[in-house]
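Down below is the structure, laid out as structure tokens.
The values are calculated or read from the model by the stated rules, or taken from the named source; none is laboratory data. Given the structure is predicted, the values throughout are model-derived calculations rather than measurements. Positions of Cβ are backbone-derived with ideal geometry, glycine not excepted, and every protein chain shown enters the neighbour counts.
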Amino acid sequence: MSRVAIIGVGWYGFKPSTPEVHFQGMMFESSSRAYADANVDPRKDVDVFVDCQEDMWEGIAIADEFAPEPIGGALRPTFTVAGDGLLGVAHAYMLINSGLANVVAVEAHGKPSEIKTLNDIYYFAFDPLHLRPLPTGNPFFLAGLDAQAYMARTGTPRESLALVASKNRSQGLLNERAPYAARITLDDVLRAPYAIYPMSEYEISRFSDASVTVVLASEEVARKFTDRIVWLDGIGFNTEVGTGAVELHQWGRMPSMRQAALMAYKMARIEGSPSRYFSLAEVEDRFSFMELLALEETMIAPEGQAHVSLEAGDYDFNGPLPVNPSGGSLAMGIQLEATGLGRLVEAVLQLRGEAGQHQVKGARRALVASWRGVPSYTSAVAVLSSEVNS
Amino acid sequence: MSVQKFPGTKLSAKEMYSLPGLVESSPQAKYEFSAGPTISRFLKGLKEGKILGRRCPRCGRIYVPPRDYCEFCHVPLADWVEVPDTGRVETAVVSYISVKRERLEKPEVVGVIRLDVPGYPEDGYEFAGLFHRICMDPEEAKKDKTIGMKVKARWRPPEQRTGSILDIECFEPVG
Ligand SMILES: [Zn+2]
């Protein structure tokens with residue numbers, strides 16, 4: 001069984017809107033850049049193409065059929081995954097690890113600026129029989145329920161949630177892919193009116209458009225194309241309960257992320273505390289409390305203790321474990337199904353020493369944890385490493 | 001046998017939705033699709049009465065409708081070319097019913113036009129072309145001679161064009 005390498009990344013967008021480009025044009029741009037980065041010819045060297053998208057986001061039924069052409073997959077083995085880009089990476093891992101493919105390309109994209117009825121599109125994902133008829137205001141009420149339950153269980157103060165927002169939005173100022181970065185202080189966040197209790201608007205990520213492509217390869221083949229290799233040492237994925245089962249979700253927790261992390265850590269043979277294993281973490285933060293919950297579910301922080309480490313500065317850019325040095329989704333936005341893949345690219349650039357102004361010094365091992373967002377209970381976790389910065 | 005003779009109780013829509021077992025839900029799905037630089041220019045061309053295509057710098061294929069990229073070479077397309085608004089019917093179809101099987105008031109004839117664009121082999125499956133309405137009698141369209149029939153675009157008057165595929169009213173038989 002081969003080790004799996006990430007040999008190329010490419011992206012287009014990370015902007016609040018992209019009226020200058022058709023969605024397939026955006027896919028072409030990001031994939032072209034990834035293939036150039038990996039030094040591969042998609043028409044000869046890529047064995048399988050995986051595309052991550054969802055029809056209701058696309059506004060096209062059976063949008064799968066629009067996937068192959070712009071990414072080089074016409075008349076080549078291509079399939080789609082209706083889920084986060086990191087789930088597509090899990091498919092790539094299996095294809096390569098099983099020997100079925102040597103080189104796999106994974107593309108994910110989101111163009112939320114073109115969805116005129118985004119609120120309603122979220123409601124399409126809700127159970128039509130007993131959930132949609134209730135007056136819930138907006139679909140993100142689900143995150144408010146989790147935030148409240150998390151704070152009550154762990155004693156995490158409101159100020160800690162606000163601190164996540166000011167940390168990430170300010171950190172994003174160093175990242176060119178972070179349109180919602182701003183110098184926001186803790187007081188700014190605390191003084192803002194509540195948007196979805198217990199969070200203000202600063203603590204709820206906004207949307208941005210992007211296409212992201214990642215090229216993966218088996219160890220032997222990877223070395224033929226590049227020496228800038230980042231290893232995908234482990235990847236896990238998990239779903240808790242379906243969206244209709246709001247009553248069955250374990251509130252204030254994200255067990256799917258816990259299970260995904262356990263799966264990824266086992267593959268990566270991580271023993272002992274994962275907090276000392278990683279040089280940096282790019283974790284889910286589309287709602288402020290989610291960063292703290294994600295750190296606990298990935299066992300970076302002990303149960304209920306993430307806020308203590310946060311307040312001690314442990315997760316700052318210059319702290320012992322920088323968390324979301326990219327600025328996270330709070331600064332970069334949510335690119336629908338491309339959100340997890342965008343964060344994987346952040347980790348890859350860090351491990352190659354190519355993250356520019358927000359480069360974490362000596363980054364060698366990275367954690368990426370994604371959640372598919374409201375109203376899903378699906379998560380994926382990736383463990384990456386490289387020797388470039390050693 | 002007429003429908004009125006079936007036994008049972010007739011329900012109004014209101015009465016039907018008041019029964020347990022049927023829940024109405026109708027969120028709205030609305031989008032605005034960016035055409036991007038390539039289709040935008042194509043649509044502008046239609047407004048000017050021109051059909052524009054784009055050539056692949058590597059394999060020479062001319063894409064009509066144009067694209068941003070060549071799907072075979074995975075490179076951006078380069079030159080713009082104006083192509084003739086004449087061609088031959090590759091295949092055509094007459095629909096008499098809707099997807100729910102109701103009879104349409106007027107049968108529609110639509111087809112794929114292989115435009116008179118040089119560089120493609122006469123009998124190859126690839127060509128520069130457009131899918132569009134064909135202005136002809138549905139009864140005539142069903143005849144064998146429709147396939148391969150020479151057609152030409154019937155343009156809307158310039159003042160009625162909006163930069164849409166509908167700026168061409170249809171393709172109609174010539175000669
Ligand atoms: Zn070509």
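Descriptive notes on the structure:
- Being touching a residue at least 12 places away in the same chain (Cβ under 8 Å), part of a strand (DSSP E or B) and under 21 Å from the mean Cα position of the chain (by Cα) holds for only one residue in A:ALA143, A:ALA92, A:ALA105, A:ALA147, and it is A:ALA105.
- Selection count, the range B:38-52, where residues are under 21 Å from A:MET27 (Cα atoms) and either within 15 Å of the ligand (Cβ to nearest atom) or in contact (Cβ under 8 Å) with a residue 40 or more places away in the chain (or both): 1
- The range B:66-91 residues that are more than 24 Å from A:VAL46 (Cα to Cα) and near the ligand (Cβ under 10 Å from one of its atoms), paired with ones that are in a strand (DSSP E or B) and among the hydrophobic types (A, V, I, L, M, F, W, C) (beta carbon under 7 Å, 6 or more apart): none
- Residue satisfying all of: in the range A:20-29; in contact (Cβ under 8 Å) with a residue 12 or more places away in the chain and more than 19 Å from A:GLY333 (Cα to Cα); surrounded by the most Cβ atoms within 10 Å (Cβ to Cβ) among these: A:PHE28
- Strands (runs of 3 or more DSSP E) fully within the range B:1-97 that include at least 1 residues being among the polar types (S, T, N, Q): B:86-97.
- Options A:SER17, A:SER32, A:SER2; residue that is free of Cβ contacts under 8 Å to residues at least 40 places away in the same chain and hydroxyl-bearing (Ser, Thr, Tyr): A:SER32
- Considering A:ALA38, A:ALA34, A:ALA74, A:ALA67, the condition of being within 14 Å of chain B (Cβ to nearest Cβ) and within 30 Å of A:GLY242 (Cβ to Cβ) is satisfied by A:ALA67 alone.
- Filter result for B:ILE97 (modelled with pLDDT of 95 or more and either touching a Gly at 6+ places or on another chain (Cβ under 8 Å) or β-branched (Val, Ile, Thr) (or both)): no
- So A:SER385, is it modelled with pLDDT of 95 or more, among the small types (Gly, Ala, Ser) and over 26 Å from A:PHE289 (Cβ atoms): yes
- Boolean, B:VAL174 is out of contact with any Pro (no Cβ under 6 Å at 6 or more places or on another chain), within 25 Å of B:GLU48 (Cα to Cα) and surrounded by 13 or more Cβ atoms within 10 Å (Cβ to Cβ): no
- Failed condition for A:ASN318, given (1) farther than 15 Å from A:VAL283 by Cα; (2) in contact with a strand residue (DSSP E or B) (Cβ under 6 Å, 6 or more places away or on another chain): (2)
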